[in-house]
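**Student:** Structure incoming, see below.
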Amino acid sequence: MPPEIKLEAVLAAMTDAVVISDKNGILIDFNEPFAHLNRFKTRSECALAIAEYPSTFKAYSKDGSLVPPDQWPIPRALRGESGVNVELNVTRTDTDEHWVALYNYAPIGMEDGSIVGAVLTGRDITDQRKTEEHLRNLSSRLHLALTSAHLGVWEWDVAHNKLSWDDRMFELYGLERQHFTPAVNTWETSIHPEDKKAAVDLLNAALRGEKEFDTQFRVVHKNGRILHLKANGLVLRGPDGNPERMLG
């Protein structure tokens, strides 16, 4: 099979955008995902010289600063540079479309060290970044709600018996982080002796799936006060049905 046919087959099979340029920045081969990444309908609409793209596209770094065309991936590769997971915010000036793309690029060199071209791959990560931003917003709102309500948050890795508390939990139980043994036994020993058995029994029943972990008990704070706490927990199970974590 001729090499050019093999290359075409590889390009056609890849879901990431792929482009190969010669040493003068002329695009000698690229696939359909490259056209779609740049908001062209087909390959035939794509310009064949990298020098033509600045008239239609602008690129910005993650901090919002404009990236000049000579610092775009292909020009950098043609100068002998390589890049991995380079994130750029791209705008088409003719349609005002915006997206976030992640690029990898490298020069194509000969044995004598001369650079004869560049190869670039890219993918659209706009939805991923939007999801991450949405989760950050949710996390901020959750943190604000928990702080406002004076709620403590805990997580228990059941399989490894590793207990994690936030700062509010330490305040509620009157314990210090530096002296905290991160295991469920620490929680058990913090409960008032008269309430311990009922709380532990309910915890085990929740792990077995018999009841929800929704209970109240007393703890003796380090300042001597007896506090009445209400605790809720959700059991997260693995594919085999066994408990893996509890959140509460």
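**Student:** Based only on the alpha carbon positions, what is the Kirkwood hydrodynamic radius of the chain, in angstrom?
**Tutor:** In the chain this quantity evaluates to 23.2 Å.
**Student:** Continuing with this model, one more query. How far, in nm, would the chain grow between THR186 and VAL153 when pulled straight, counting 0.36 nm per residue and subtracting the alpha carbon separation?
**Tutor:** 10.3 nm
**Student:** Taking amide H atoms as placed 1.01 Å from N in the peptide plane, list the residues 5 or more away in sequence, or in a different chain, whose amide H sits under 5 Å from that of ILE108.
**Tutor:** VAL116, GLY117, ALA118, VAL119
**Student:** Something else now. Strictly over 25 Å apart at the Cα level, which of LYS62/LYS162; LYS162/LYS230; LYS162/LYS196; LYS130/LYS162; LYS196/LYS222 would you flag in this model?
**Tutor:** Going by Cα-Cα distance, LYS62/LYS162; LYS130/LYS162 fall outside the 25 Å limit.
**Student:** Moving to a separate point now. What does the charge add up to near LYS196, with Lys and Arg as +1, Asp and Glu as -1, over the other residues with Cβ less than 12 Å from its Cβ?
**Tutor:** Value of the local net charge: -2.
**Student:** Taking 10 °C and 1.306 mPa s as the conditions, I'd like the Stokes-Einstein D for the range 81-187 in µm²/s, using the Kirkwood hydrodynamic radius from alpha carbon pairs. Please report the intermediate quantities before stating the final value.
**Tutor:** On the way: Rh = 19.0 Å.
Stokes-Einstein gives a translational diffusion coefficient of 84 µm²/s.
**Student:** Looking at the range 38-136, I'd like the Rg to Rh ratio, where Rg is from alpha-carbon atoms and Rh is Kirkwood's inverse mean 1/r.
**Tutor:** 1.00
**Student:** If you line up the long axis of helix 3-13 against the longest principal axis of the chain, both from Cα atoms, how many degrees apart are they, to the nearest 10?
**Tutor:** Computed tilt is about 40 degrees.
**Student:** Measuring from centroid to centroid over Cα atoms, what is the spacing of the range 76-122 and the range 37-54 in Å?
**Tutor:** Between the Cα centres of the range 76-122 and the range 37-54 lies a distance of 14 Å.
**Student:** Show which aspartates and glutamates lie in cross-link reach of LYS58 when reach means a straight Cα distance below 19 angstrom and same-chain residues fewer than eight apart are skipped.
**Tutor:** Filter leaves GLU45, ASP70, GLU87, ASP94, ASP96, GLU97, ASP124.
**Student:** For a protection proxy built on the mean count of beta-carbon atoms within 10 angstrom, sort 175-184, 65-74, 33-42 highest first, please.
**Tutor:** Order by mean packing, descending: 33-42, 65-74, 175-184.
We did not get these values from a lab; they are worked out from the coordinates using the rules stated. Given the structure is predicted, the values throughout are model-derived calculations rather than measurements. Every residue, glycine among them, receives a Cβ derived from its backbone with ideal geometry; neighbour counts consider all protein chains shown.
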